Amino acid sequence: MTSRGFWRPARSATAVRTGLVAALAATVAVGAYGYVSNGDGSNLANGTGTTTSAPTTGPGDDSAEDAAIAPFTTADVGACLTWDIDAEGEVSNFEQASCDEPHRFEVSARENLGAYPSSEFGSDAPIPDLTRQAQLREELCHTPTIRYLDGRFDPIGRYSIAPILPSPEAWEAGDRTMLCGLQSTDPDGVPMLTEGRVAEQDQARVAQPGECVFVDNSRALRIVDCTEDHHMETTAVVDLLPVFPDGVPSVEDQDAHLADVCTQAAMDYLGSEEALYQSTLQPYWGTIPQASWIGGSHSVNCSLVHASESGGFSVLNGSAQAGREGFTIDGNPPPPQPERNPLRSEGQNPAAPAPAAEAQPGA
């Protein structure tokens, strides 16, 4: 296409792409432990754990206490749970909810730690610390959760497997129920509100158009305000399942499709092909590895980046939608672009993919 000759899509930065995927895989276990009830029973939203405790109840007789914790203790496989979190990370209004409505957790298994083949969780045992909770997640939650999803789970996708334990007071009173389930957490590890059952969702971890993404030194991705330093500005979310309905597409087939789609998305996002040219930014996109596709992730982001001469991405600040004066590249405005002749396709849609090619998986 005529417009393609004026910039080189940054999607060819294979080393960067591979590093980001590896970083997601390496940090998924960390991300799965972002909301904790620590050893003394206080709840923290500090990114150090994910176990949620049912809220503390006031003093009362046994029947009142049983009734107070009933929403936690009666929740079973397939139920969804929600709760409120205040500024200090304290949990309240812990209750069951319709999975079609906003909720924070979907139950995949129910375990009685009192039946664990040891005295570890006996009547005088303390509530498990964070390290033991992580072990219990792997020992008791992982396999039944994968079974619950019929094997359809992307470990580097938007959902993570996590446990819920009783409140410290309920544990002290003898409740040894542990719920296993699925949640989607924010960058600090706090469970977010979601709608719908996990098995029915696209599990891909994507940013929304207009959001900017910073890649830290460990290559972990974090959505930030575009007025802050970042490396990618999201232009589109692309669902690849309708394009490749018959099986797992190769990286090459995904690239062939996304090269046109993400270039067009960049032009649409900035307003024109000329705006993209003047920005000096390049269209960039992710691809989905085979395991993630089979696990239920089918969407990718198109983004704008600037390839650094030293490798990786340049640091951007501001939104490219504001024009050349509205953002910087490594602290400087975009360099002037050389004059060029009008495009032969001026006034048309130079980067739109051919409909016939769109309809053929792997084209």
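The table below gives the values:
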| read-out | value |
| --- | --- |
| Yes/no for residue 237 being assigned to a strand (DSSP E or B) and closer than 21 Å to residue 296 by Cα | yes |
| Matching option when the condition is under 21 Å from residue 194 (Cα atoms) and modelled with pLDDT of 90 or more, among 81, 136 | 81 |
| Enumeration of residues in the range 219-256 that are of a type outside the set (Ser, Thr, Tyr), surrounded by 18 or more Cβ atoms within 10 Å (Cβ to Cβ) and either closer than 12 Å to residue 286 by Cα or not assigned by the TED database to the domain that holds residue 288 (or both) | 232, 236, 238, 240, 254 |
| Any hit, the range 170-185, residues being under 15 Å from the mean Cα position of the chain (by Cα) and either more than 18 Å from residue 97 (Cβ to Cβ) or aliphatic (A, V, I, L, M) (or both) | yes |
| Test for residue 169: is it surrounded by 19 or more Cβ atoms within 10 Å (Cβ to Cβ) and at pLDDT below 95 | yes |
| Scan of the range 303-331 for residues that are closer than 13 Å to residue 213 by Cα and polar (S, T, N, Q), ordered by number | 303, 314, 317, 319 |
| Count of the range 272-305 residues which are assigned to a loop (DSSP other than H, G, I, E, B), in contact with a helix residue (DSSP H, G or I) (Cβ under 8 Å, 6 or more places away or on another chain) and surrounded by fewer than 21 Cβ atoms within 10 Å (Cβ to Cβ) | 2 |
| Candidates 266, 220, filtered to the one that is under 23 Å from residue 303 (Cα atoms) and at pLDDT 95 or above | 266 |
| Members of the range 193-206 found to be of a type in the set (Gly, Ala, Ser) and surrounded by 17 or more Cβ atoms within 10 Å (Cβ to Cβ), listed by number | 204 |
| Matching option when the condition is of a type outside the set (D, E, K, R), in a loop (DSSP other than H, G, I, E, B) and at pLDDT 95 or above, among 163, 187, 242 | 242 |
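The values are calculated or read from the model by the stated rules, or taken from the named source; none is laboratory data. Bear in mind the structure is a predicted one, so any value in this text is a computation, not a measurement. Here the Cβ is made from the backbone with ideal geometry for all residues, glycine too, and neighbour counts use every protein chain on show.
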